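Contents: one structure, followed by commentary.
The values are calculated or read from the model by the stated rules, or taken from the named source; none is laboratory data. Model, not experiment: these values are computed from the prediction. Reconstructed Cβ throughout: ideal geometry from the backbone, glycine too, with neighbour counts over all protein chains shown. Remember, those area values only see protein heavy atoms, side chains included, never the ligands or the DNA or RNA. Shrake-Rupley method; radii C 1.70, N 1.55, O 1.52, S 1.80 Å.
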Amino acid sequence: MDNRVSIRNVSKIYGKGCDSCIELTGPEHGRNRCPKCGTIVACADIGFDVYPGEVLGIVGESGSGKSTLVKTLYFDEAPTTGEFYLQDFEEGLSNVYGLSSLQKRYIRNHLMGMVYQNPHLGLRLDYSAGGNIAEKLLMADWNHVGDIRERAKELLTKTEIPIERMDDKPKYFSGGMQQRVQISKALANNPPLLLLDEVTTGLDVSVQASVLDLIRQIGRELGISMIVVSHDFSVIRMLTNRTIVMKNGRIVEQGLTDQIMEDPQHAYTQLLINSLI
Amino acid sequence: MSMYNYGFLDENTKRELRRKTLKAVAIPGYQVPFGSREMPVARGWGTGGLQVTLSLIGLGDVLKVIDQGSDDSVNACNLRDLISETSEVDTTTDTLEATVIQTRHRIPEEKMTDEQILVFQVPTPEILRTVEPSEQESRRMHAERDYSRLWVHLYEDIVEWKEIRISYDYPVLVNGHYICDPSPIPRFDVPKLHQAETLFLFGAGREKRIYAIPPHTDVIPLQFEDYPFNVESYESGCEKCGSTHTYLEESFDSNTGERYLYCSDTSYCGKQQLKGQHQPVEIGVGWNG
């Protein structure tokens with residue numbers, strides 16, 4: 001197996017569910033709420049692979065299930081069904097969804113980084129910027145303050161945060177700076193997989209550009225595999241090699257990003273591309 | 001005191017307390033919930049320690065009660081009277097003579113043995129409360145040994161003040177799993193918990209928790225490689241007995257404003273003074289041997 005991440009048959013259902021939930025929802029019905037029992041099918045039948053150093057985009061409108069999907073990947077939410085294999089964990093032979101919460105936490109801390117849309121989800125805004133990075137390092141059993149501070153300086157330099165602000169609290173930072181601290185934190189343990197959920201939404205255009213530049217640079221320098229979730233096709237076009245298009249909790253189209261941008265096959269993808277300003 | 005059941009508590013309550021205490025001993029550092037009873041002392045005044053003591057005391061025991069090292073404080077006197085009257089045991093102020101010692105925020109200076117039990121009164125048993133307000137979340141963190149936030153708390157202290165500023169309630173890792181609150185004993189007393197011969201029981205009446213550090217258990221204070229744990233030190237010894245190896249308290253002369261240091265363990269200080277006057281007195285060894 002040379003793929004770093006394999007996802008098979010992942011679904012997440014909110015509600016008690018019935019036999020027809022999966023059948024009666026999806027893009028062909030234009031809904032994700034089961035008309036029989038009222039259950040919400042946030043995502044279903046999701047499967048894909050990510051290769052080393054590859055950047056995978058997940059695009060779709062609000063409510064298409066892309067954020068739920070990424071939350072299940074970071075164990076923020078438990079999926080209803082599905083399998084998840086990571087090359088860096090037991091040679092990719094164990095389904096990590098089946099592990100104990102202690103083991104999941106190990107994977108979360110050592111093998112993954114997550115950058116949320118809203119910095120307050122990924123950061124503790126009233127701890128110092130350095131403290132936030134330290135948290136991730138302490139989770140991985142670092143026990144030397146001097147070493148922790150060196151690593152934090154290195155990461156903050158990489159993400160272009162002035163070192164003098166290292167001991168300041170991110171709540172006094174601008175949105176773009178908070179987002180960069182979040183990226184530093186996510187990268188602290190050199191994770192092989194980085195998850196990015198709508199990282200530039202809510203930032204002004206010039207800051208968006210610098211954050212996107214940073215992410216591109218990190219991907220190139222560190223060879224990290226990334227999963228980028230966005231509703232914004234320009235972000236997807238700039239960052240990703242391959243793209244998955246989601247609607248009503250299902251994958252409707254996937255392929256090379258350029259191909260999807262130039263020659264969308266599914267009617268919904270065509271609509272999305274045509275809606276680009 | 002025939003109006004009361006032996007040891008004040010009814011037998012069912014004592015049975016529950018003993019069961020919970022056994023569980024606490026079996027899982028070192030784990031906080032076991034118990035149905036804390038209404039006591040004739042206000043909650044927060046030692047009701048947790050009081051209930052634990054009453055559940056394990058029996059005829060033939062010798063009781064000592066200290067409050068911040070002192071046998072003479074109002075709280076210590078009243079708890080001692082209540083326990084000794086309802087359970088008909090002898091009392092002492094001598095650490096060496098006691099079989100059960102109930103304490104508020106100190107460990108005696110003389111080393112305790114495997115024949116003795118030390119019962120701590122605990123105001124706030126949850127060490128994670130400073131970093132996590134939710135009880136449910138704290139319990140999950142304990143279960144998964146997810147203590148990074150406590151560590152960050154210490155890191156932030158070092159960044160801001162160049163040292164860990166926690167002077168009491170110092171977090172300790174017990175038996176390699178649970179981090180627990182050794183009750184508000186000073187840092188000076190924390191090393192005494194490590195690989196001791198004595199059973200340490202902790203009762204928090206208001207918060208309804210019992211936990212324990214059994215004998216011969218590893219108790220390691222949280223520290224960084226480059227910022228090791230340290231205990232209080234003093235520039236001079238006790239004003240009364242001259243000891244330089246004890247935990248001292250500060251006191252000011254209200255007329256002259258002069259500052260004095262005295263032993264916080266009054267019984268030990270008294271013995272040292274007798275020794276200084278060349279009178280016969282038996283003094284136990286310190287915890288370091």
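Write down the accessible area per residue of the range A:117-190 in Å², having rolled a 1.4 Å probe over the full set of protein chains.
Details: 3030 Å² over 74 residues.
Averaged over the residues of the range A:117-190, the accessible area is 41 Å².
Going by a ≥ b ≥ c, the root eigenvalues of the Cα gyration tensor, does the range B:130-255 fall in the rounded group (a/c under 1.5), the prolate group (a/b larger than b/c) or the oblate group? Intermediate results must be reported in sequence, preceding the final value.
On the way: a/c = 1.82, a/b = 1.46, b/c = 1.25.
Note, shape of the range B:130-255 comes out prolate.
Over its Cα atoms, what ratio of radius of gyration to 2.2 N^0.38 Å does chain B give?
On the way: Rg = 19.3 Å, N = 289, 2.2 N^0.38 = 18.9 Å.
For chain B, the normalised Cα radius of gyration is 1.02.
Given a 1.4 Å probe, show me the residues in the range A:84-120 buried by at least 20 Å² of accessible surface when comparing the whole protein assembly to the chain alone.
For the range A:84-120, once contacts with the other chains are taken into account, A:S101, A:L102, A:R105 lose 20 Å² or more.
Per-residue ellipticity at 222 nm for chain B, helices alone: DSSP H runs ≥ 4 residues times -39500 (n - 2.57), over residue total, nearest 500 deg cm²/dmol?
-8000 deg cm²/dmol
Would you kindly derive the ³J(HN,Hα) couplings of the range A:237-249 from the backbone phi angles with the Karplus curve 6.51 cos²θ - 1.76 cosθ + 1.60 (θ = phi - 60°), listing them in order in whole Hz, with x for Gly and Pro?
Listing the rounded values in order: 5, 6, 9, 9, 8, 10, 9, 10, 9, 10, 8, 6, x Hz.
Do any residues of the range B:149-185 lose at least 20 Å² of accessible area when the full set of protein chains is present rather than just their chain alone, and if so which, with a 1.4 Å probe?
The answer is B:R149, B:W151, B:V152, B:Y155, B:E156, B:V159.
Which order do B:F200, A:F89 take when ranked by solvent-accessible area (1.4 Å probe, heavy atoms of all protein chains), largest first? Mind showing how you got there, number by number?
Working: B:F200 0, A:F89 25 Å².
The residues order as A:F89, B:F200, largest area first.
Using a 1.4 Å probe on protein heavy atoms only, how many Å² of accessible area do B and A hide from each other, summed over both chains and rounded to 100? Can you show the working numbers first?
Values: alone 14110 and 12740 Å², together 25150 Å².
Using a 1.4 Å probe, the pair buries roughly 1700 Å².
Please report the relative contact order for the range A:1-116, taking Cα pairs under 8 Å with a sequence separation of at least 6, and give it as a percent rounded to a whole number. Each step should come with its number before you reach the end.
Values: 177 pairs, mean separation 35.8, N = 116.
For the range A:1-116, the relative contact order is 31 percent.
As an exercise, take the mean of 1/r over every pair of distinct alpha carbons in the range A:197-257, invert it, and state the Kirkwood radius in angstroms.
Working: mean 1/r = 0.0801 Å⁻¹.
That comes to 12.5 Å for the range A:197-257.
Can you give the accessible area of B:H216, probe radius 1.4 Å, in Å² rounded to 10?
Using a 1.4 Å probe on the heavy atoms, I get roughly 120 Å².
Please enumerate, by chain and number, the lysines with C-alpha under 27 Å from the C-alpha of A:K153, excluding those fewer than 8 residues away in the same chain.
The reachable lysines, counting only those whose Cα sits under 27 Å from A:K153, are A:K136, A:K169, A:K171, A:K185, B:K162.
Considering only B:V52, B:V152, B:V41, give the residue with the highest GNM mean-square fluctuation for chain B, with springs between Cα atoms whenever their separation is below 10 Å.
Highest fluctuation of the listed residues: B:V152.
Roll a 1.4 Å probe over the protein heavy atoms and report the accessible area of A:S230 in Å², nearest 10.
Ignoring ligands and nucleic acids, A:S230 comes out at about 0 Å².
So for the range A:1-156, what are the equivalent ellipsoid semi-axes in whole Å, largest first, each being the square root of 5 times an eigenvalue of the Cα gyration tensor?
Working: eigenvalues 231, 68, 41 Å².
Taking √(5λ) for each eigenvalue gives 34, 18, 14 Å, largest first.
Measure nothing fancy, just the Cα-based angle from helix A:101-110's long axis to the longest principal axis of chain A, in degrees from 0 to 90, nearest 10.
60 degrees
What distance in nm separates the simple spin-label points at B:Q223 and B:V281, each placed 7 Å from Cα in the Cβ direction?
The two pseudo-label positions are separated by 3.2 nm.
Which values of log₁₀ I(q)/I(0), to two decimal places, follow from the Debye formula for the range A:117-190 at q = 0.14 Å⁻¹ with a uniform point scatterer at every Cα?
Normalising to I(0) and taking log10 leaves -0.34.
Which residues, if any, in the range A:138-167 have at least 40 Å² less accessible area in the whole protein complex than in the isolated chain, probe 1.4 Å?
Relative to the lone chain, where solvent access is computed with a 1.4 Å probe, the range A:138-167 loses at least 40 Å² at A:L138, A:N143, A:H144, A:V145.
Scaled to the compact-protein estimate 2.2 N^0.38 Å, what is the alpha-carbon radius of gyration of the protein assembly as shown, rounded to two decimal places?
Values: Rg = 30.5 Å, N = 566, 2.2 N^0.38 = 24.5 Å.
For the protein assembly as shown, the normalised Cα radius of gyration is 1.25.
Taking trypsin sites (Lys or Arg not before Pro) as exposed when DSSP calls them loop (any state but H, G, I, E, B) and at most 10 other Cβ atoms lie within 10 Å, what is the longest stretch of chain B free of them, the sites themselves excluded?
Numbers: sites that count: B:K162, B:R165.
It runs B:1-161.
Enter the Cα centre distance for the pair the range B:264-278 and the range B:62-140, rounded to the nearest angstrom.
The distance from the Cα centre of the range B:264-278 to that of the range B:62-140 comes to 22 Å.
If I build a Gaussian network model for chain A, linking alpha-carbon pairs within less than 10 angstrom, which residue out of A:K12, A:K169, A:K247 has the largest mean-square fluctuation?
A:K169
Counting only the heavy atoms of the protein chains, how much of A:E221 is accessible to a 1.4 Å probe, in Å² to the nearest 10?
Answer for A:E221: close to 110 Å² accessible.
Taking a spot 7 Å from the Cα of B:S251 along the direction of its beta carbon, which residues of the range B:71-103 have an amide N less than 18 Å from it?
B:71-77
Can you give me the % of accessible surface on the protein assembly as shown that is carbon or sulfur? Probe 1.4 Å, all protein chains present, nothing else counted.
On the way: 11990 of 25150 Å².
For the protein assembly as shown, the apolar C and S fraction of the accessible surface comes to 48 percent.
Please report Rg over Rh for chain A, where both radii come from the alpha carbon positions and Rh follows the Kirkwood definition. List each step's numbers first, then the result.
Details: Rg = 19.0 Å, Rh = 19.5 Å.
Value, to two decimals: 0.98.
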